[in-house]
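First the structure, in the form of structure tokens, and then the observations on it.
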Amino acid sequence: MSSGAYDSTNIFAKILRGEIPCHRVYEDDDTLAFMDVMPQSPGHLLVIPKEASRNLLDADPAVLSRLMPVVQKLARAAKDAFEADGITVTQFNEAAAGQTVFHLHVHIIPRYEGQAPKPHSGQMEDNEVLAAQAEKIIGELGN
Ligand code: 5GP
């Protein structure tokens with residue numbers, strides 16, 4: 001069953017068009033990565049393709065093949081920058097599966113032994129905190 005068309009008024013499409021700000025950590029011709037405003041753990045970031053799709057289900061496989069190497073690069077950078085024990089990578093497809101923003105995105109969430117992450121789409125983090133966390137990851141990418 002189809003789950004609807006891509007809606008270009010979604011918040012990540014607005015970020016891609018520069019209509020609303022984000023704490024950017026990485027960008028190339030096909031991909032943008034930025035801090036999640038409601039992080040489940042310090043360093044929680046989102047990786048999105050620039051090409052429009054709602055989620056994994058309607059995405060062009062060629063887009064996915066360019067996205068995943070960036071997910072890997074940023075997962076490694078976030079793990080090192082935040083001295084995490086592990087990284088959870090999540091990706092939700094349609095509302096029934098927990099998706100709230102309907103532009104394909106992959107979550108990268110630093111994790112620590114014995115610590116549960118905060119709730120998904122929970123509490124907004126301060127801008128200054130997110131800016132500092134973005135700088136940490138950018139610094140790690142530069143290494
Ligand atoms: P989903 O449930 O669709 O996988 O998650 C969407 C994510 O986007 C959530 O983790 C939420 O915190 C995050 N988010 C929602 N609105 C904004 C926003 O305006 N800017 C950023 N950077 N993240 C957002």
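Taken together, the values in this text are just the output of simple stated rules run on the coordinates, not laboratory data. Quantities reported herein were computed from a predicted structural model and do not represent experimental measurements. A quick note on method: Cβ atoms are made from the backbone with ideal geometry, for glycine too, and the neighbour counts reach across all protein chains shown.
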_On Cα atoms only, tilt of 127-142 relative to the major axis of the chain in degrees_ = 80
_Estimated distance in nm for a label pair at LEU64 and ALA116, the labels positioned 7 Å out from Cα along Cα-to-Cβ_ = 3.1
_C-alpha long axis of helix 61-81 to longest principal axis of the chain, angle in °_ = 20
*Once the Cβ-Cβ distance between GLN123 and THR88 is put in as r, and R0 is 25 Å, what FRET efficiency do you end up with, to the nearest 0.05?*
0.85
*asked:* Can you give me the long-range amide H partners of ASN93? Hydrogens built in the peptide plane at 1.01 Å from N, cutoff under 5 Å, separation of 5 or more residues or another chain.
replied: GLN99
*To the nearest µm²/s, what D does Stokes-Einstein give for the chain at 10 °C and 1.306 mPa s, using the Kirkwood radius over alpha carbon pairs as Rh?*
103
*At a Cα cut-off below 17 Å, give the lysines reachable from LYS136, other chains included and same-chain residues fewer than 8 away excluded.*
LYS73, LYS79
*Please list the non-local residues whose amide H lies under 5 Å from the amide H of HIS23, H modeled 1.01 Å from N, same-chain partners needing a gap of 5 or more.*
MET35
*Under 5 Å between amide H atoms, partner at least 5 residues away or on a different chain: which partners does THR88 have, H built in plane at 1.01 Å?*
ILE109, ARG111
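Give the value in nm², to one decimal: projected area of the alpha carbon convex hull of segment 17-65, averaged over all directions. Walk me through the numbers before you get to the answer.
Working: hull surface 16.7 nm².
One quarter of the hull surface, i.e. the mean projection, equals 4.2 nm².
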*In nm, give the distance between the simple-model label positions of LEU57 and SER3, each being 7 Å from the Cα along the Cα-to-Cβ direction.*
0.4
*Taking the Cα centre of segment 1-102 as origin, work out the dipole magnitude from +1 charges on Lys and Arg Cβ and -1 charges on Asp and Glu Cβ, in debye rounded to 20.*
80
